[in-house]
1. Condition first: outside any helix (DSSP H, G or I) and farther than 21 Å from HIS126 by Cα. Can you find one or more residues in the stretch 310-324 that meet it?
2. Regarding the stretch 288-300, can at least one residue be identified that is of a type outside the set (Val, Ile, Thr), in a helix (DSSP H, G or I) and on the phi > 0 side of the Ramachandran plot?
3. Residue by residue through the stretch 306-339, note down the ones that are more than 22 Å from the chain's Cα centre (by Cα) and of a type in the set (S, T, N, Q).
4. Got a number for residues in the stretch 356-373 being surrounded by 15 or more Cβ atoms within 10 Å (Cβ to Cβ) and under 13 Å from TYR334 (Cα atoms)?
5. Quick one: which of SER40, SER74 is of a type outside the set (Asp, Glu), in contact with a Phe, Trp or Tyr (Cβ under 9 Å, 6 or more places away or on another chain) and modelled with pLDDT under 95?
6. Those residues that are over 18 Å from the mean Cα position of the chain (by Cα) and touching a residue at least 40 places away in the same chain (Cβ under 8 Å), I need them from the stretch 60-82; list them, please.
7. Can you tell me which residue within the stretch 85-105, out of those that are more than 20 Å from the chain's Cα centre (by Cα) and basic (Lys, Arg), is nearest to THR49 (Cα to Cα)?
8. Please work out which one of (1) closer than 22 Å to MET210 by Cβ; (2) touching a helix residue (DSSP H, G or I) at 6+ places or on another chain (Cβ under 7 Å) is the condition VAL50 fails and give its number.
Amino acid sequence: MSDEQSYLPDWAPKDGGDAFAVRVKKGIETHSFVKKTPASTPKKRSELTVDEYVNGVLKNDKTVLARAITLVESNAPEHYEKAREVLKRLLPHSGKSLRVGITGVPGGGKSMLIETLGCQLIDQGHKIAVLTVDPSSTITKGSILGDKTRMEKLSRLQGCFIRPSPSGGTLGGVTRKTRETILICEAAGYDVVLIETIGVGQSEIAVRSMVDFFLLVMIAGAGDELQGIKKGVMELADALMVNKADGRNKAHALRAKNEYAMALKYLAPATKGWETKAYTCSALTGEGIREIWENIKTFERITKQTGVFKERRQRQSIDWVFSMIEDYLKENFYSNPSVQKELPIIKEKLLKGDLLPTTAAENLLKAYYLSEK
């Protein structure tokens with residue numbers, strides 16, 4: 001092989017000669033007439049105007065709908081005004097759906113139950129929005145589970161919109177902006193909104209303040225059922241479903257239902273004029289799922305006749321206002337420059353035991369109030 005075709009690299013032994021196996025081929029010379037193609041850079045997604053957001057949501061453009069929810073969920077200050085204007089314009093088109101909260105023990109089959117129920121409702125002509133709240137990663141703060149992969153069949157149907165969102169560490173099994181998301185989905189024409197929340201025990205009750213009907217999903221065979229009852233959640237439920245009532249587990253599910261039914265007799269009804277009952281169902285086979293919806297529709301009819309439905313929606317609007325005030329005050333407090341300056345010093349003193357927690361709180365509040373004057 002000639003020198004023009006190949007050459008020995010600099011690190012080759014001097015006396016290697018032709019016996020040295022490693023040689024480097026010369027590359028092809030680049031001529032001036034060859035155009036160099038620059039590395040392609042991804043195009044930045046263009047910002048939508050308020051009109052584009054509103055019109056897209058009202059037309060049920062799912063891409064715009066998803067982006068509108070992302071806008072509302074954003075904590076970036078530059079998105080706040082636009083998000084508020086979008087919500088203001090969509091508000092007159094909202095409020096016409098039936099809102100159902102679905103919660104329960106982890107592994108209770110909530111996602112499969114929602115998928116089976118959702119498919120049946122779409123067959124009946126309904127449009128379903130499913131808002132699923134995933135646990136958040138403590139590191140990335142993003143979703144851990146990803147419900148679209150767990151509701152594969154339902155997510156492919158035209159009449160369904162699934163939005164998984166990370167809880168962001170928020171107690172109550174819901175995100176900070178779940179109420180706003182419900183409003184946007186209603187404006188897009190979804191007449192049933194199903195909210196699946198993370199099973200975190202008694203802190204799950206926050207979902208009660210934003211839904212019309214509250215369904216608690218339980219399972220049998222996971223230990224002593226009565227010991228597993230969470231009174232703080234049960235007393236807020238409008239119905240209790242023992243899922244996975246199929247195969248060999250069916251007898252266990254029926255026994256568990258009877259035990260829960262006995263326990264419910266000692267609790268006050270969650271909704272005035274409505275008796276909370278226990279049922280069994282199988283999200284796998286579909287048995288009992290139709291009865292769930294019939295129960296929910298009966299609940300809607302009775303509570304609308306008595307005025308309880310409207311009263312609950314009105315109370316929820318007031319709760320929403322106070323919730324937003326709390327969020328604003330908390331964010332405003334921790335973003336205050338004086339508080340940010342004092343916080344590391346106070347933390348250090350707390351760790352050393354030089355400062356009482358009560359005094360630390362007072363000092364931080366004092367720093368905040370003085371800076372606001």
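1. Step one: filter the stretch 310-324 for residues outside any helix (DSSP H, G or I), giving none.
No.
2. At the first step, the residues of the stretch 288-300 found to be of a type outside the set (Val, Ile, Thr) are 288, 290-291, 293-295, 297, 299-300.
Imposing the further condition that a residue be in a helix (DSSP H, G or I) reduces the set to 290-291, 293-295, 297, 299-300.
Subset that is on the phi > 0 side of the Ramachandran plot: none.
Within the stretch 288-300 (the criterion being of a type outside the set (Val, Ile, Thr), in a helix (DSSP H, G or I) and on the phi > 0 side of the Ramachandran plot), the answer is no, since none of the residues qualifies.
3. THR306, GLN314, ASN332, SER335, ASN336, SER338
4. Taking the stretch 356-373 first, the residues surrounded by 15 or more Cβ atoms within 10 Å (Cβ to Cβ) are 360, 363-364, 367-368.
Now restrict to residues that are under 13 Å from TYR334 (Cα atoms): 364, 367-368.
Residues in the stretch 356-373 being surrounded by 15 or more Cβ atoms within 10 Å (Cβ to Cβ) and under 13 Å from TYR334 (Cα atoms): 3 in total.
5. Going through SER40, SER74 in turn, the sole match is SER74.
6. ASN60
7. Here the answer is ARG89.
8. Just one mismatch for VAL50, condition (1).
The values are calculated or read from the model by the stated rules, or taken from the named source; none is laboratory data. Model, not experiment: these values are computed from the prediction. Every residue, glycine as well, gets a Cβ built from its backbone with ideal geometry; the counts of neighbours run over all protein chains shown.
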